[in-house]
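Input: a single structure, listed below in structure tokens.
The values are calculated or read from the model by the stated rules, or taken from the named source; none is laboratory data. Given the structure is predicted, the values throughout are model-derived calculations rather than measurements. Cβ placement follows ideal geometry from the backbone for every residue including glycine, while neighbour counts extend to all protein chains displayed.
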Amino acid sequence: MLTLVKETGAGLANANSYAAVTDGDAYHEGHLYATAWTGVTAAQKAAALVMATRIIDATFQFNGFKTNASQALQWPRRLCPDMDSDGASGVGLVFSRGTFLPETTIPAAVLQATCELARELLVVDRTAAAPGEGLGLLRLEGALQLKFDAKNTPPIVPRLVQIMLGKLGEYIGRTTGAVRLVRA
């Protein structure tokens, strides 16, 4: 039986989700397409949130650094720039553009993206191989031809979730051939 352990911002060694089922319920109250979430059990919601967290942690390179080496998840983080700050708030450490996010919290965007991805996972298994994967061409005598474009497959992480997390780091789930430059 799965036990969901929500990361609180303390850097828990046993955390497995950025959101609790109650967080998901609250998020989906304002969602137009919430039936995929509201129509399942609490256990299914918990499993979806845990899987969404795993996918987010595997497919994003977040800015900054883990707060401590023993934490199970990528968040909380230290020295992660707050891209929405103008630096005038006086909260947090100051960097050239503004401030850093607090080291003891999980940003709302991470919680909301986890809930959004969890709902998407309840709709369809986004981690499964795409239908027809590996098929280059199917030709039948006559006019019928079928060819799949390997580059035209939906990403594991939906575009909306990528956008929600874009200010916090970089989506690395799709191989682009580019290499991220990190300066010391």
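Against the list (1) in contact with a Cys (Cβ under 9 Å, 6 or more places away or on another chain); (2) buried (at least 18 other Cβ atoms within 10 Å of the Cβ); (3) under 17 Å from Leu165 (Cβ atoms), the condition Met51 fails is (1). When the helices (runs of 4 or more DSSP H) confined to the range 1-89 are screened for residues that are within 22 Å of Gly173 (Cα to Cα), those reaching at least 1 such residues are found at 42-59.
I'd like to know if the range 34-44 contains one or more residues that are in contact with a Ser or Thr (Cβ under 9 Å, 6 or more places away or on another chain) and buried (at least 20 other Cβ atoms within 10 Å of the Cβ). Checked the range 34-44: no residue is in contact with a Ser or Thr (Cβ under 9 Å, 6 or more places away or on another chain) and buried (at least 20 other Cβ atoms within 10 Å of the Cβ).
Do we find a residue being at pLDDT 80 or above, surrounded by fewer than 11 Cβ atoms within 10 Å (Cβ to Cβ) and not β-branched (Val, Ile, Thr) anywhere in the range 154-168? Looking for residues that are at pLDDT 80 or above, surrounded by fewer than 11 Cβ atoms within 10 Å (Cβ to Cβ) and not β-branched (Val, Ile, Thr), one finds at least one in the range 154-168, hence yes.
Residues that are at pLDDT below 65, assigned to a loop (DSSP other than H, G, I, E, B) and surrounded by 13 or more Cβ atoms within 10 Å (Cβ to Cβ) are absent from the range 119-127 altogether. Within the option set Glu116, Glu141, Glu133, being of a type in the set (Asp, Glu) and at pLDDT 95 or above holds for one residue only, Glu116.
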